[in-house]
Ligand code: ADP
Ligand code: ZN
């Protein structure tokens with residue numbers, strides 16, 4: 001079967017070879033397995049269901065959230081001589097009828113649907129010869145993900161209704177909790193999961209904090225002027241900032257434009273177009289910019305403000321260097337951003353999850369170990385060596401052998417033997433007399449008070465390091481409780497050592513915004 005897939009790849013897409021994991025993923029689908037695919041943007045997810053769609057014959061139903069991208073994908077398939085169509089709210093009844101007829105007569109290979117459309121269409125799909133369901137941007141189904149879309153919950157009915165049809169769920173961003181949730185929500189049966197490497201070694205990672213607005217602006221202007229002819233994106237927190245910054249750059253002779261959802265579709269298209277065709281070098285944008293923009297030579301991405309979570313950050317910096325050449329990323333981090341983002345998260349839906357995700361973003365920004373290790377860890381991989389291409393690697397913090405300290409924390413956690421969050425663990429370690437702790441009998445634990453020589457703040461920083469290094473894991477679907485990972489167990493049982501850095505001494509903060 002994989003030979004048939006290779007022939008389709010060559011005939012319809014013009015490629016000689018599959019990329020890493022593509023052939024494994026396609027084999028899994030051709031063997032009728034439910035399949036979960038995690039692959040970074042640009043990794044080549046579409047081929048993973050488009051090729052099997054043709055090999056299997058019949059119809060592949062693709063659920064995709066963005067109407068604009070749907071049309072692009074269908075156009076691209078038709079150009080490759082593949083029969084494809086989409087159904088969404090933009091079509092007239094007559095147009096829809098034509099497509100439905102084609103599906104019934106089996107002359108269409110791929111049918112793209114918006115999740116809203118799927119809701120009323122399940123019965124109709126029963127009349128087609130459906131051989132495969134592909135759920136694109138599958139993280140949208142999970143309220144633990146960073147981009148929950150309620151209409152995606154319609155998809156939970158698919159497996160029930162079509163138990164024999166394999167489902168492939170694809171996403172570029174999902175942490176472990178979200179992955180488990182996707183599998184549960186879609187009722188995938190013993191799914192095979194494939195995780196492509198999220199590492200992008202060609203992107204340098206740089207985090208700068210504590211700069212005043214004016215210093216930040218002049219740094220950015222100098223940065224851009226030293227990189228003439230290079231394209232870059234500056235992500236900002238608000239529409240207002242994008243416009244002010246673009247204007248400031250223009251005043252300094254830098255060819256820039258603002259982009260945000262408040263502009264008309266026409267204005268947005270023209271900025272996109274100018275950027276893609278190198279008529280504008282710098283776009284100051286909100287998160288609205290970038291979805292579906294295929295520009296391979298973006299040489300740098302600056303975050304003017306802290307992103308609201310690591311998924312967004314990773315996706316946004318990932319727009320740099322898609323040609324594989326060296327590219328630079330800078331994140332400016334300030335307490336002011338944190339205050340604002342915390343307020344947004346407090347007020348919005350999914351409050352607890354968004355606050356937790358923001359906290360992980362903050363931890364990344366404040367981290368004292370190789371930043372790429374943290375990123376890679378966050379997406380469930382691990383990196384043995386420091387990357388040598390981030391600001392921490394370039395300016396190492398002071399390290400010490402923290403094995404004993406880690407063992408203290410982990411053995412306390414193991415002895416507590418029930419899900420507890422960070423605060424309780426620290427209280428046990430420091431021998432606190434809090435009523436809840438005594439009531440649960442945690443003061444009888446052997447390691448009670450074993451860490452009383454360290455302040456709460458220091459323990460928080462060490463636990464943050466343990467999370468960042470993958471020694472501990474935080475289950476934010478289970479009361480934010482801490483869990484010992486496989487690596488943690490090895491350290492606990494003396495099979496591995498732990499490397500920690502001395503906590504950064506900071507001025508006491510007047511407002512404690514996000515507490516551990
Ligand atoms: P994703 O959906 O993961 O962001 P795409 O499916 O859009 O990525 O693929 C990104 C680019 O890689 C596309 O231009 C696609 O044609 C190309 N591509 C995918 N698979 C291969 C392959 N096996 N060989 C060469 N190019 C490929
Ligand atoms: Zn590094």
Provide the gained length on full extension for the span residue 67 to residue 240, in nm with one decimal, where the gain is 0.36 nm per separating residue minus the Cα-Cα distance.
-> 59.6 nm
Counting all C-alpha pairs of segment 84-171, share separated by more than 15 Å (%) = 60 percent
Considering only DSSP beta bridges where both residues belong to the chain, give the percentage that are antiparallel (nearest 5).
-> 10 percent
Would you give the gap between the C-alpha center of segment 85-144 and the C-alpha center of segment 19-36, rounded to a whole Å?
-> 22 Å
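Report the relative contact order of the chain, percent, no decimals, based on alpha-carbon pairs under 8 angstrom and at least 6 residues apart. List each step's numbers first, then the result.
Values: 862 pairs, mean separation 60.3, N = 516.
Once divided by the residue count of the chain, the mean separation gives 12 percent.
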How many nm separate the modelled label positions at residue 225 and residue 161, each set 7 Å beyond the Cα in the direction of the Cβ?
-> 6.1 nm
So, in nm, how far is label residue 384 from label residue 247 when the simple model puts each one 7 Å beyond its Cα toward the Cβ?
-> 5.4 nm
The alpha-carbon center of segment 357-431 and that of segment 217-250 are separated, in whole Å, by 33 Å
In terms of the ratio Rg/(2.2 N^0.38 Å) built on C-alpha atoms, what value belongs to the chain?
-> 1.05
FRET efficiency for residue 107 and residue 202 from the Cβ-Cβ distance with R0 = 51 Å, rounded to 0.05, comes out at 0.75
Projected label distance in nm at residue 90 and residue 293, using a 7 Å step from Cα toward the beta-carbon = 1.9 nm
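Give me the extension gain from residue 435 to residue 397: residue separation times 0.36 nm, minus the current Cα-Cα distance, reported in nm with one decimal.
On the way: separation 38, 0.36 × 38 = 13.68 nm, distance 3.81 nm.
Length gained, residue 435 through residue 397: 9.9 nm.
What is the extension gain from residue 455 to residue 80, computed as 0.36 nm multiplied by their sequence separation minus the C-alpha to C-alpha distance, in nm to one decimal? Working shown, then result.
On the way: separation 375, 0.36 × 375 = 135.00 nm, distance 6.34 nm.
Working it through step by step, the gained length comes to 128.7 nm.
Which whole-number percent is the relative contact order of segment 1-151 (Cα, under 8 Å, 6+ apart)? All intermediate terms of the calculation are to be shown ahead of the outcome.
On the way: 188 pairs, mean separation 37.4, N = 151.
Here the relative contact order equals 25 percent.
Quick note: the coordinates plus some simple rules give every number you see, no bench work behind them. For clarity, every value in this text was computed on a predicted model and none was experimentally measured. Every residue, glycine as well, gets a Cβ built from its backbone with ideal geometry; the counts of neighbours run over all protein chains shown.
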